Every structure is written in C-alpha cells, then in structure tokens.
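Heads up: the structure comes next, in structure tokens.
The values are calculated or read from the model by the stated rules, or taken from the named source; none is laboratory data. Source: prediction; values computed, not measured. Using ideal geometry, Cβ is built from the backbone for each residue, glycine included, and neighbour counts are taken over all protein chains shown. Ligands, DNA and RNA are excluded from the accessible area calculation, which covers all protein heavy atoms including side chains. Shrake-Rupley method; radii C 1.70, N 1.55, O 1.52, S 1.80 Å.
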Amino acid sequence: MSLADVSPGQNAVIQAVGGQRAFRRRLLELGLLPGTAVTLVRVAPLRDPVELLVRGTSLSIRRAEAACIEVAQLTSAASEPLASGAARGPG
Amino acid sequence: MNEPRSPALSEPPSAAPIVLLVGSPNVGKSSLFNALTGGHARVGNYPGITVERLSGQARVPTNTGARSVRVTDVPGTHSLAARSRDERVALDSILGANGEPQPALVVCVVDATQLGRSSYLLLSVAELGVPLVVAVNMIDEARDAPPDVAELERALGVPCVVTDARRGRGVDALRATIARGLEDPRRCDLEIDYPPALVADREELRQHLPEPWRGDDRRERALALWALASLDEDDELDDAPRALREAAIRVRARHADRDLDREIATGRWAAIERLVSRVTRRDDPHPQKRRGTERADRLLLHPVWGFAIFVALMLALFQSLFSWSEPAIQLIESGVSALQGALRAALPAGLVRDFASEGVVGGVGNVIVFLPQILLLFLLLGLLEDSGYMARVAYLMDRVMRSLGLHGRAFVPMLSGFACAVPAILATRTMERQRDRTLTMLVIPLMTCSARLPVYTLIIAALLPPGEVLGLSVAPLALTSMYVLSMVVSLAAAGILGRTVVRGRRMPLLLELPPYRVPQPRAVLRMTWRRTMSFVREAGTTILACTVVLWALLTFPRSETAPVVAAAVPAAAAAAAAPAPATGAREPAAAPAIERTWGGKLGKALEPALEPLGFDWRIGVGLIGAFAAREVFVSTMALVYGLDEVDDEALPLRERLRLERRPDGTPRYRALTGISLMVFFAFAAQCMSTLATVRRETGGWRWPAFMLGYMTTLAWVASFLVYQVGTSLGF
C-alpha cells in the first residue's frame, strides 16, 4: 500500500520512497528512509495535501507524491497518533 | 588569526572576518542573527539571484577587548545538495565560491528539541571540514531532555554552545565561542560510514574536481559526494564543471541497480542517530511545543472552522491594508502638496522651480507614498510568518492555487494586489522558488489595485449612461464587473504563463508546518523596516528617475506663450495615490501647451494605434501621464483640457469629457469608449512603480520588459475587441 492509502491518524512504516529524483532526494534527506515510522496526521480541507509526522517534524506533501511512498501499515496504531510518530526504524 | 583562508577569494586582510550563520529552517537562526548583531543588518542579494542576504556587524570579545566580525545569515536549508543556483547559495557561502567572500568561521545552528532533524545540515557542513562552531538553540524548550553539550562537543570535535536566542540567553557565550573559533579554528573530525561501493564512486568523482574545488582530503571527498548528489542530466546548475557532471552521470548510469541518493542519506542518518543517542537520553520526537501546536491545528486546519478562520484573517488583513494606511497616505500627499506649494512661493517662476517642485518633490512623493502600505503589509506578513501561520495558509490554499500553477503562498501577495501591486510584489518573497515568485509577480498587476478606482470612477461618471440595467444601477454594476474581470483574467494569465513563459520544472509540494510560536514584535519590526528601506533604496531611485522623465515629457519643449502658473495640486485621490509629476495645471488659455510637449507629440504619434480602441491623442497623453501612477490619468486629462481644478470628484472634467464633440457634432467619447478605456486600464501595465519594483525583485529589466509587453498587448487586444465588436453591434 502507499502512504496515500493511509487514513488520518494511522501510523505506518516506510518501505520504499519513489518519485522524481530531486524531490525524492529531499524526502530522503528529511529522514524518510525505509524503516522509518510515519503518521498520517490529517488531510487538508480540500482533500489535498496531506500532513505527515516524521521524526518529530510535521511535513505536508500532496497525494500524488504520497502515492509514490510505499508503506506497511502498523496494526497497533490509531490509539495515540503522536506517540509513535517518529519512532526511528532500523534504516 | 583573522587572515582569510583562501587568498584567491579573500577580502582585504583589514576587513572584519566573516562569520556565517547556517541552519535548517525553523531553528531560530534569524533570532540568533538579531541577537548577535543587535538587529542592525544590511539586506542584500546574492549575485544573479534574488535570494535575500542579511549581514550585520557583531562584537566578539578578545584578550585585549573586543573585535568586529561580519555575521552573514545564510537562508535556511536542510542540505547542501542543490539543483539550482537558489539552492546552492548555502554551499557557495560556506566555501566562499562563486563570488561569495571566504568566511573565517561557520556557525551551524541546531534545534535542541529536534537535534536529529537539524543535524542533517550540520553533518553536511561538518563533512566539508570548514572551521565550525555549533549553536544548540531553543535550549529553553528542551528542558525535559536537554542534550549533553559536552558530549556533543566530544563527538564532533568542534566547540558547541547552548543558546536561547529569543530570550537572548547564551548569546554572550556564543560570542566568546566565535572569538575562540576565530583564534583557534576547529574542524569536525566525525567520520560518516558510507558503503564501500559509494566510497569508490566518491573517489572516482574526486578525480574530476576542478582546480578551485581542490583542497584537503575531507573537502575533496565532501565535494565529490556533493557532485554525486546534485549533478545530473537536468540539474539547473549551468556553471557546474562539465567534466564533473559527465562523471557523475557516468557513475550513476553504471549503477542503475543501486540507489545512490538513498545510500548517502542512509549513511548520514545512521551517523545522526548514533550522535543523537550519544548526547540525549531520548530525542523527544514530540516535545511540548508540538502538542500545543497539534491542538491548535485541530482547530486552525479544521475542514470547516479552519477555513472560516482563514477567510476571516485574510479579510482582516486586506481591510487593514486599505483602511489603516489611508490616513498616512493622505498625510503624505498633503505634505508633498504643501511642500510643492511652498517651493513655488519661495522660488522665482521658471524651470528650476518647476523641476524642484514637480520633478524632485513630486518624485520623492511618488516613492514615500507607498511606504504606509509596504510597512503595513510587511508587518502583517512578518506576524504571519513568525507565528507559523503562513505555512498553514499554503497548506490550506495549495489545492486551489496549484490548479492555477501557483504556489500556495502566492495567495497573500495576490490578495494584497487588490490594494497595490508594489507591496504585493515585494510580498512574493515568502516563496522560495524564483519561478513561483516570478509567476506571481507577473499576474499581480492584473488585480484591480486601488489606483484604478479614481480612473474607473471618472469614466463611469462621465461616459456611462446613468440608469439601470436589468434592475441594477449602472455604476456599481460596471465597477463590480471590472473587479470580476480582473480576477478571472489574472487567474487565467497565471494558468497560461505558468505553462508557457515561466514553465520551469513542476516541483512537488514539500511544506514544513513549524510549531506555532508567539511572534517577536522587535524582530518583525526590524525585518519590516529593513525590507522597506531596501525598497526605498533600490526601487525608489528608479521611481524617482521615471517621475523626472515623465515630468520632462509633459513639460518640454516649453511654450513661450504659456506661463506656468501656481495651481492646485490634485488632492489625494485614493489609497496608493501618488502626487502627479506634472500637476501644475495651466490657465485655461494655455490649455494647448501640453499638446506641444514631447508627451503631447507622443500622444499624437500614438493616435493611429489608439484609434481602433476608440481613443484619441488626448487619451494617449493621459495614458502617458498615467505611467507615473494610474490615477494621474485624471489630473493629466485635466491638464489636456486646461482645467485647473481637480478635486476628488473631478466634476468639471466629467462634464468636459461628456460634452466633448467631434467636428461633426457627434460626442467625442461614447459609452463604448469608456468601457474600452476601463478594459485598457484593467490590463495595461500602466505603472512605472510596479515595473521598477519587479526590476528590483527579479534583478534585471528582462521581466519588467516582458510584463510591460504582455500586459500592453493584452490590454490593446481586449480594448480592440470591446470597441470593434461593440461598434459593429451598434453601441
């Protein structure tokens, strides 16, 4: 599944980051690496962009780019979205 | 030890050493800059691009007293990798390359509450092996889990100091550390483990580094890695060495199976994680400020309430821009008029007097009349930025603005364009990319600014038939139509220009939503003042020069038989109204004087081009005068008709325009002429101040020339269609 499929308040772990090179590089530099935990905090009122919490930073990207980020959903998620928002993965 | 390191690029040895302030966005770098320099700074530009560069003097202690250093603030960035000149500013500044002066010391600012996030840049700078000092800022907000700075110092091998720039704490310690760093420069010795394959690629690229990039091992390795990350087939770094780019492309192509960007980022992040776990018990991923911010965002980004608050805030911003600046504008205008009157009374009649009062005082007036709105807009923008709300504006508006090819942050500048294009264009600086700024600047002048109102009012009252259309009175209907037309056309223009002229690469949105903070009034006021003054210096001189040129156009050659008389200066027209350059109205008998000036001749020469739009040479002269500021059209038309009294209502002029007859007895100006003229004013770039501001903001005449060209063409074609189609339909 991709990050665009994650519902607001849910956590996931990044599996792979795709997209155009310059943008992808910036995401990697911000620490969106495979194994990193990410929370989809909310969706903007007009459905796009989405707000993410990664490594303690709130980031906003559009759905089209979120769809290029492959994630695995965490099952124990929804209870407290902020609690595990920036847990560091092995990556 | 203030000898600059690279003799080739150094400042003279006597100059104060340069201390560079670098850091990720939102780490409090600007606060630290203000604390170090006392807020006294020069706003400059990096050569060739329009990224703002702040620098100021700071005093640091020495054994014998104190010495001056020049602190330069580098725009916030997460990494040194770059694909455009804008993004390479940080690297150029650190290396003293591409025309940047060689810094003696780099101070890297990190966020104590988010050491991980802000350390990516720290490690990238450290890899370059430049003399380094680390300021661990916002230490007050990291009370729960303060980082162990002594341990950080051991890990990095460079001096580290904790600061709380917003409250001014730790700033003296930082000064002392800077002094120490200048005396005894330390370079970071932290090694980052990259996979062996990546190390091999790096060594290969290192062989292709051009001579000026060479240096010690550390620097060469870091620059080779930079090239691997930054250069490819379609980067926008035109001046990057060709051999290096080709080598980077070659290496990348050879390893299609590997993910080089990920290898670099992973290597650095692994080092960051080791570093962070060494100096903090836990890198609190969601410190206190994040929780407060999260609560606020639940309301401020709410699908319904968030939007309602946003609309209310924007309306308040727009309203205050209009109404709060109005009294100040009136005051400036009456001051300028009074000064002009005094000059006329004091000096003997003649060219000197006219030049002094109309050219010089009028020109200065044309500049300072913008200050109330500029100050106010910068103040409001500063508050929006400093509080963290501006990022939310972009978040909320991205969906709408994107469909027009505009950046989410273009919303506030475009809204401000309804007051005045000049402050609105200056406000485009809230956007990072030059392409987004340029596109927004190009369409802002299409917004119905307040200077068009007196023109529309005159035309509607003089030429449009009174009465009602479909039950609505004509005047408000016409005015509303002009606003709607301007909005529709500016958005369409953004869509078209964004896909053609300023196409650029489509850059996906990557927006950080920083924690909310209480804005710092002093910092906001300082920034407001600095930016306003840089407008006065850089755009003001152009506006002054243009005013003098326009004055000369409408004055020379002087007519012997037409003595210039002291006359009423047009009263304040509307917000953003500027005193006319050629305001001294002549006596009725001398009316044709203007006809014999160069401006008059130009108007006549333009007549063939204006006739298909329904205009004659008189309107042509009015259009020339309107270049000073659109509302000057009214006073210039009064000059053309030799009317010496122009008040807010311009009643005599209205009568005159309505009653003007052609030789054959038909009205010279019809209702259709009025509509055509309003359409022309809606689209034409009739404002030298706007063009001067665009020149200042884009760093050249290319974009203002394009703006003048496309808007004039648009205005001509639109007016042509209105007049010709209207005429053929029998209006």
Provide the FRET efficiency to the nearest 0.05 for the B:Val488-B:Ala609 pair, computing r from the beta carbons and using R0 = 41 Å. 0.95
Just grab the label-to-label distance for A:Ala16 and B:Gln207, each label 7 Å out from Cα along the Cβ direction, in nm (one decimal). 3.3
Roughly how many nanometres apart are two label points built 7 Å out from the Cα toward the Cβ at B:Arg558 and B:Trp305? 6.9
With the full set of protein chains in place, find how many percent of the accessible area of the protein assembly as shown is carbon and sulfur; take the probe as 1.4 Å. 61
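So, with +1 on the Cβ of K and R and -1 on the Cβ of D and E, and no other charges, what is the size of the charge dipole of the protein assembly as shown about its Cα centre, to the nearest 20 debye? Kindly include the intermediate steps, with their values, before the conclusion.
On the way: 91 positive and 82 negative charges, 41 e Å.
Roughly 200 debye for the protein assembly as shown.
With r defined as the distance between the Cβ atoms of B:Asp234 and B:Glu538 and R0 fixed at 56 Å, what FRET efficiency is calculated, to the nearest 0.05?
Taking R0 as 56 Å, the efficiency between B:Asp234 and B:Glu538 is 0.95.
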What FRET efficiency comes out for the pair B:Ser277/B:Ala200, r = Cβ-Cβ distance, R0 = 30 Å, nearest 0.05? 0.55
Karplus 3J(HN,Hα) series, Hz, for region B:253-268 with 6.51 cos²θ - 1.76 cosθ + 1.60 (x for Gly, Pro): 5, 5, 10, 4, 7, 9, 10, 5, 4, 5, 4, 5, 4, 5, x, 5
What does the helix-only formula give at 222 nm for the protein assembly as shown: each DSSP H stretch with n ≥ 4 adding -39500 (n - 2.57), the total divided by the residues, and the result rounded to the nearest 500 deg cm²/dmol? -16000 deg cm²/dmol
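In region B:207-287, what GluC sites (Glu not before Pro) fall in a loop by DSSP, with at most 11 other Cβ atoms inside 10 Å?
For GluC sites (Glu not before Pro) across region B:207-287 that sit outside H, G, I, E and B with at most 11 neighbouring Cβ atoms in 10 Å, the list reads B:Glu233.
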Which number do you get for Rg(Cα) / (2.2 N^0.38 Å) in chain B? 1.10
Which is farthest toward the positive dipole end of chain B among B:Pro61, B:Ala243, B:Pro466, measuring Cα position about the Cα centre, with Cβ charges +1 (Lys, Arg) and -1 (Asp, Glu)? B:Pro466
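Starting from the alpha-carbon convex hull of region B:196-258, give the projected area averaged over all orientations, in nm². Mind dumping the intermediate values first?
On the way: hull surface 16.7 nm².
Average projection, Cα convex hull of region B:196-258: 4.2 nm².
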The answer for B:Leu54, listing residues at least 5 apart or on another chain whose modeled amide H is closer than 5 Å to its amide H, is B:Gly44, B:Asp73
Where does helix B:434-443 land angle-wise versus the long Cα axis of chain B, in degrees 0 to 90, nearest 10? 10
Positive-end residue, chain B charge dipole about Cα centroid, Cβ charges, pick of B:Ala419, B:Leu132, B:Gly76: B:Ala419
Which value, to two decimals, describes the C-alpha radius of gyration of the protein assembly as shown once divided by 2.2 N^0.38 Å? 1.07
Contour minus end-to-end for B:Val469 and B:Arg662, with contour as 0.36 nm per residue of separation and end-to-end as the Cα-Cα distance? 66.7 nm
Counting only Cα, what are the radius of gyration and maximum Cα-Cα distance Dmax of region B:7-183, in Å? 15.2, 48
Could I have the simple spin-label model distance between A:Leu46 and B:Arg596, label points 7 Å from Cα toward Cβ, reported in nm to one decimal? 5.9
